[in-house]
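Below: one structure, written as structure tokens.
Laboratory data are not the source of any read-out in this text; all were calculated from the coordinates shown. Computed from a predicted structure; not experimentally measured. Cβ placement follows ideal geometry from the backbone for every residue including glycine, while neighbour counts extend to all protein chains displayed.
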Amino acid sequence: MSDIPTPFEGLVDDGHPVWDRFIRVFHWALVVSVVMALASGFLLDASWIRLHLVSGSLAVALVVARIVWGFTGPTYARFSQFIPTLRQISDHLKAGADHARHIGHNPLGALMVVALLALIIALGVTGIAALGSGLKTGPLAASLTASQGPLWTELHELAGFILLGLIVLHVGGVIVESRRSRECLACSMVTGRKEERNGDLVAPPRPTHLVLAILLISGLVIGAVVTINGLSQCPLTLPPVGPMAQVYGDVCAACHMAYHPSTRPAASWELMMGGLGEHFGEDASLPEETRIEVAAWLTEHAAATTDSKPALLWSDLRESTPVALPDTEAWKRLHTSVDEASFRQRNIYSRSNCIACHADAETGWFSPFQISIPKEPKQ
Amino acid sequence: MKHTLILLTALMAQPVLAQDTSPQALIEQYSAAAGAAASPENGQALFMATHSGGKPDTPSCTTCHSADPTKGGQARTGKPIDPLSPTANPERFTDTKFVEKWFGRNCNSVLGRDCSAQEKADIIAWLVSL
């Protein structure tokens with residue numbers, strides 16, 4: 001498939017253009033966006049999800065543009081120039097350290113380019129699926145269920161680890177090849193030029209279809225935005241129930257935030273509503289009529305009736321006494337990044353005061369987009 | 001939509017008070033039932049003391065209401081509590097059912113028993129005097 005490169009014969013030239021301006025901007029913009037996406041995904045907590053989505057989307061958009069450029073760009077940007085045949089790969093490997101110098105990507109480098117582009121697309125797909133299932137947001141929110149969230153999240157993470165590995169190999173390959181051929185390959189990705197030497201493998205020139213590339217890329221971007229927006233508007237099945245019944249707000253939310261009914265299974269609500277005399281360390285007794293009314297509303301909209309991540313997290317609470325959500329393993333796992341002192345702040349005060357940091361806690365969503373840990377108020 | 005929800009929640013969090021009584025009427029009522037005059041000093045002592053008969057997380061009225069009832073308190077859940085003293089909060093002690101509900105719950109939480117009519121009269125008398 002590959003255009004056959006031919007050995008260069010002529011004068012040594014240190015100004016042969018190899019990487020065009022698009023390729024160079026693409027490469028370094030991809031470095032920045034991938035580093036931000038990896039850092040926000042692996043190192044930072046859920047409140048950084050905006051940065052993760054923006055950097056991840058940027059990386060995918062860059063890759064899509066690069067794929068278009070691979071069919072429309074100049075000589076060394078073309079997939080047809082560098083995607084190697086099996087024969088070329090085996091010849092390259094057999095030659096070992098004595099292989100000929102490629103002006104463009106060598107066969108192994110080319111395989112890495114293809115792997116990185118494919119992996120970033122896979123990260124985009126699994127990321128959108130994880131967002132749609134686990135967090136019920138974005139274009140796939142209506143078509144995936146919250147129960148698929150862990151699977152997509154794990155696939156997304158796995159792809160992230162593979163990307164980390166490939167980046168290490170990529171940088172390693174650049175260092176090894178730079179030493180072997182006594183040049184700075186990373187510098188070429190800045191200047192766009194490479195020294196041309198006798199015996200180099202040079203590809204026959206191909207024209208750039210700039211207008212076609214711009215049309216295709218803008219078409220794809222507009223198409224993607226319209227599709228994503230459209231799909232994101234689709235109504236969800238089994239969202240958390242809307243604003244609480246008046247009586248629930250009056251009697252329960254008098255002492256604490258109005259915990260959403262979907263954060264517990266019906267059995268746990270029944271247990272709790274049957275033992276209000278000992279309600280997490282206080283007497284919260286209610287007149288029997290009110291107690292029955294509130295218990296009925298809570299069990300009617302309990303975890304099993306809702307498709308959301310919080311409903312799933314606590315859907316199998318089976319303690320014989322109702323456990324406070326902050327005492328559950330799931331809660332602790334999700335709050336490891338919050339230090340002890342924050343919970344003591346006057347404007348948070350209690351681990352069970354979800355709404356101090358989760359603005360949407362009473363809706364039952366607990367979206368990571370709604371997290372903001374308040375600052376300690378001045379006395 | 002979000003703001004409407006917040007407003008709605010805020011409105012619903014406010015108890016609808018019947019306004020069927022007054023702090024003075026309650027003091028008289030409880031004193032009559034106890035058969036003795038209300039003592040603000042005893043009310044203050046009861047309110048400020050640390051008790052051991054109730055639930056371990058709420059040893060005193062001040063646990064949630066703070067030691068200054070003219071200012072707000074904070075429930076163990078983080079939820080703010082409006083000032084208890086009618087001087088600072090005229091809505092206090094104007095709804096018999098509301099007063100009885102919270103004396104019932106909170107005396108049990110703090111003392112492990114119901115408050116006597118005398119104790120209720122004393123506490124309200126102290127809160128009014130602030």
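Some observations on this one:
- Förster radius 22 Å - calculated FRET efficiency between A:Ala142 and A:Arg50, Cβ distance, rounded to 0.05: 0.50
- In terms of surrounding Cβ atoms within a 10 Å radius of their Cβ, A:Thr75, B:Thr21 rank from fewest to most as B:Thr21, A:Thr75.
- Lys/Arg +1, Asp/Glu -1 at C-beta; the protein assembly as shown dipole; positive extreme among A:Ile355, A:Pro368, A:Ser320: A:Pro368
- Euclidean distance between Cα centres, the range B:84-130 to the range A:303-369, Å: 33 Å
- Net dipole in debye of chain B [+1 Lys, Arg Cβ; -1 Asp, Glu Cβ; about Cα centre; nearest 20]: 520 debye
- Cross-link reach list, lysines versus A:Lys332, counting only Cα pairs under 20 Å and skipping chain neighbours closer than eight places: A:Lys309
- From phi via Karplus (6.51, -1.76, 1.60), per-residue ³J(HN,Hα) for the range A:345-361 in Hz, x at Gly/Pro: 3, 4, 8, 10, 6, 8, 5, 8, 8, 3, 5, 4, 10, 9, 4, 9, 4
- A Förster radius of 60 Å combined with the Cβ-Cβ distance from B:Arg113 to A:Val25 puts the calculated FRET efficiency at roughly 0.20.
- Aspartates and glutamates whose Cα lies under 16 Å from that of B:Lys120, excluding same-chain neighbours fewer than 8 positions away: B:Glu28, B:Glu41, B:Asp95, B:Glu100
- According to the calculation over all Cα-Cα pairs in the protein assembly as shown, the P(r) per 20 Å bin from zero is 18, 36, 23, 15, 7, 1 %.
- Rounded to the nearest 20 debye, the dipole magnitude of the range A:246-370 is 500 debye, with +1 charges on Lys and Arg beta carbons, -1 on Asp and Glu beta carbons, and the Cα centre as origin.
- For the range A:246-370, average projected area of the Cα convex hull in nm²: 7.7 nm²
- Net lengthening on full extension, A:Leu220/A:Glu319 (0.36 nm per residue, minus Cα-Cα): 30.5 nm
- Between B:Asn42 and B:Ile81, residue separation times 0.36 nm minus the direct Cα-Cα distance comes to 11.7 nm.
- Model label sites at A:Ala296 and A:Arg193, defined 7 Å from Cα along the beta-carbon direction, differ in position by 8.4 nm.
- Tilt relative to chain B, helix B:23-34 - C-alpha long axis, 0 to 90 degrees, to 10: 40 degrees
- Relative contact order [Cα under 8 Å, 6+ residues apart], the range A:239-378, whole percent: 29 percent
- Range in chain A, longest, excluding exposed trypsin sites (Lys or Arg not before Pro) [loop by DSSP; at most 16 other beta-carbon atoms within 10 Å]: A:1-181
- Multiplying the residue separation of A:Asn229 and A:Val211 by 0.36 nm and subtracting their alpha-carbon distance yields 3.8 nm.
- Helix A:210-232 and the longest principal axis of the C-alpha atoms of chain A enclose an angle of approximately 10°.
- Computed magnitude of the charge dipole of the protein assembly as shown (debye, nearest 20; Cβ of K, R +1, Cβ of D, E -1): 1740 debye
- In straight-distance terms, cross-link reach from A:Lys378 covers every one of the lysines whose alpha-carbon lies under 27 Å from its own, apart from those fewer than eight places away in the same chain; here that gives B:Lys71, B:Lys79.
- Computed over the Cα atoms of chain B, the ratio of the radius of gyration to the Kirkwood radius (Rg/Rh) comes to 1.00.
- Note on B:Ala88 and A:Ile162: the model spin-label points, each 7 Å out from Cα along the C-beta direction, lie 6.2 nm apart.
- Acute angle (nearest 10 degrees) that the helix B:117-129 long axis makes with the longest principal axis of chain B, alpha-carbon atoms: 60 degrees
- Alpha carbon centroid spacing (whole Å) that separates the range A:50-67 from the range B:54-73: 53 Å
- In percent, rounded to a whole number, the relative contact order of chain A is 20, using alpha-carbon pairs under 8 Å and six or more apart.
- When the protein assembly as shown is described by a simple charge dipole with +1 on each Lys and Arg Cβ and -1 on each Asp and Glu Cβ, the residue from A:Thr299, A:Phe22, A:Leu38 located farthest towards its positive end is A:Phe22.
- Its relative contact order, with pairs defined as Cα atoms under 8 Å and 6+ residues apart, puts chain B at 37 percent.
- Counting only GluC sites (Glu not before Pro) that DSSP places in a loop and that have at most 13 other Cβ atoms within 10 Å, the longest clean stretch of chain A runs over A:10-318.
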